[in-house]
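See below for the structure under consideration.
Since every read-out is calculated from the coordinates, none of them should be taken as a lab result. In this text the structure is predicted, and so the values were computed from the model without any measurement. Here the Cβ positions follow ideal geometry from the backbone for every residue, glycine too, while neighbour counts run over all protein chains shown.
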Amino acid sequence: MNQNKILFERSQKVIPGGVNSPVRAFKSVGGTPIFFKKGLGSRLWDEEGREYIDYINSWGPMILGHAHPEVLKAVQSASFDSLSFGAPTARELEMAEVLVKLVPSIEQVRLVSSGTEATMSAIRVARGFTKRDTLVKFEGCYHGHADALLVKAGSGLLTFGEPSSAGVPADVAKHTLTLPYNDEEALNALFKEKGDTLAAVIIEPVVGNMNLIIPHMSFLKMLRELCTKHGAVLIFDEVMTGFRVALGGAQSLYGVIPDLTTLGKVIGGGLPVGAFGGRRDIMQCLAPIGPVYQAGTLSGNPAAVAAGLATLKLVQAPHFYEELTAKTKLLVEGLMKAAHTFNIKFSAQSVGGMFGLYFSEKAPSSFDEIMKSNREAFNQFFHHMLTSGFYFGPSAFEAGFVSHAHSDEDIRRTVAAAQAFFQVLK
Ligand code: HOZ
């Protein structure tokens, strides 16, 4: 029997659903998840020895491709000096200095171990700073799995059709208000009614968790103005977009600067690192100097920070983001051209190294529009590509990721395989 099937059967006996993160279970696309054994550059190999070109890249972190020699060398050398101290290190300081230098909104920053921890902590400090409770998020945006954020969320919750999680007390959820993404009228109306009671608004400045959704500039600008006017803390969740869409994240791309920013994924180079940072006056509310508590034994872990620092050094090479953006554009434009040759209702778009594929006539800009795309066609596409050796996200509600290691030839082969699918679909 196929190794992936054998391992998945074993896994389901000891791990709920056989996976450690729900989207990986292939529930929405059907079939058996692939168990991976090795990655190198743009390639992955599964337990059967089959080769794939990877378009997930660990959901974003592997921006340099898998097993980059300089990242591995940095982790190796840090590891020989101990895997954890639970005490300050010079490396953490170096990472904080790099983040302050490169991310426009960050004056002070604290490291944590995941994106979930970063968003959860950013919200707490925003509430402590404003002395208000109410939080606003946008439908279909996913900000990790802290209780307050599992209300009308994206990613796995959207994939499985349960946008608000069980296990979140109504008393907690009642402090989270939701608005439709890119809807200026609704935004204005909420601020008019409740603006002065809002602690924070959290948003993915480019959404990557209900597939890829690009913000309208006027919407982002209005959000910034309203938060400033009403004293609500604006949090950009750049866990996905940070160092992915541009060196300074979506905030540098669009010139809209939040009060706080959360980071993760790329800044750990594939190991678990998160960060939240922003205005000095807000960050100064954190313990040990302020009343808002936040802590972590593995925060600033030496091996993880070494992987992140090596990655952040390499992404600062001249033309890195121009090249990454060009590769990603080559993919989405190639796929669109191939689909349109056969009159398939398909669209695709990208920002930096992130992309979205949609079985709909035009790229969606809201939760309602993405819900109308043809999920059945996506599932067929996914399986055709998987069988042909191309690994895309197993859900119509996830963005895709290209790495700097992808070659034009990788992309040409991908487009050719998709073209064969579109031809049959027509
Ligand atoms: N929630 C992640 C994507 N939006 C998936 C995480 C994973 O399965 O690793």
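Which FRET efficiency, nearest 0.05, do D171 and S82 yield, Cβ-Cβ r, R0 45 Å?
Computed FRET efficiency for D171 and S82 comes out at 0.60.
Just want the ordering: M210, M371, M1, from fewest to most Cβ atoms lying within 10 Å of their own Cβ.
M1, M371, M210
Given H placed on each backbone N at 1.01 Å, which residues far from L179 in sequence or on other chains put an amide H within less than 5 Å of it?
Amide H neighbours of L179: K137, F138, E139.
Quickly estimate the mean residue ellipticity at 222 nm for the chain, helices only: each DSSP H run with n ≥ 4 gives -39500 (n - 2.57), and the total goes over all residues, rounded to 500.
Roughly -12000 deg cm²/dmol at 222 nm, from the helical runs in the chain.
Defining a contact as two alpha carbons under 8 Å apart and six or more residues distant in sequence, what relative contact order in percent does region 184-307 show?
Reported as a whole number, the value is 19 percent.
Please state the charge dipole magnitude for region 231-306, taken about the Cα centre, from unit charges on C-beta atoms (+1 on K and R, -1 on D and E), reported in debye and rounded to the nearest 20.
120
Rounded to the nearest 5, what % of DSSP beta bridges with both residues in the chain are antiparallel?
55
Any idea what the relative contact order of the chain is, in percent, if you count C-alpha pairs under 8 Å spaced at least 6 apart?
Value for the chain: 22 percent.
Put +1 on the Cβ of every Lys and Arg and -1 on every Asp and Glu Cβ in the chain; which of A420, A250, T89 then has its Cα farthest towards the positive end of the dipole?
Farthest along the dipole direction, towards plus: A420.
If R0 is 51 Å, what FRET efficiency do you get for N343 and E70 from their C-beta distance, rounded to 0.05?
Efficiency, rounded to the nearest 0.05: 0.65.
Pairs K265/K362; K174/K194; K152/K327; K221/K313; K152/K194: which exceed 24 Å Cα-Cα?
Checking Cα-Cα distances, K265/K362; K152/K327; K221/K313 exceed 24 Å.
Pulled fully out, how much extra length does the chain show between R280 and A186, if you take 0.36 nm times their separation in residues and subtract their Cα-Cα distance?
30.8 nm
Extent of the chain along each principal axis, from alpha carbon coordinates, in Å, largest to smallest?
So the three principal-axis extents are 59, 55, 48 Å.
Please state the shape class of region 236-296: rounded when a/c is under 1.5, otherwise prolate if a/b exceeds b/c and oblate if not, all from the C-alpha gyration tensor.
Taking the square roots of the gyration eigenvalues as a ≥ b ≥ c, region 236-296 is oblate.
Provide, as a two-decimal number, the C-alpha radius of gyration of region 32-100 over 2.2 N^0.38 Å, N being how many residues it has.
It is 1.44.
Say a site is exposed when it is one of the GluC sites (Glu not before Pro), sits in a DSSP loop, and has at most 16 other Cβ atoms within 10 Å; what is then the longest site-free stretch of the chain?
That gives 108-360 as the longest site-free run.
How much length, in nm to one decimal, is gained on full extension between M371 and A90, taken as 0.36 nm per residue of separation minus their Cα-Cα distance?
96.5 nm
Counting other C-beta atoms within 10 Å, and keeping those with at most 16, which DSSP coil trypsin sites (Lys or Arg not before Pro) do you find in region 118-174?
Here the trypsin sites (Lys or Arg not before Pro) that fit, given the DSSP loop and packing criteria, are K131, K174.
About the Cα centre, and with charges only on the beta carbon of Lys, Arg (+1) and Asp, Glu (-1), how big is the dipole of the chain? Nearest 20 debye, please.
Computed about the Cα centre, the dipole is about 280 debye.
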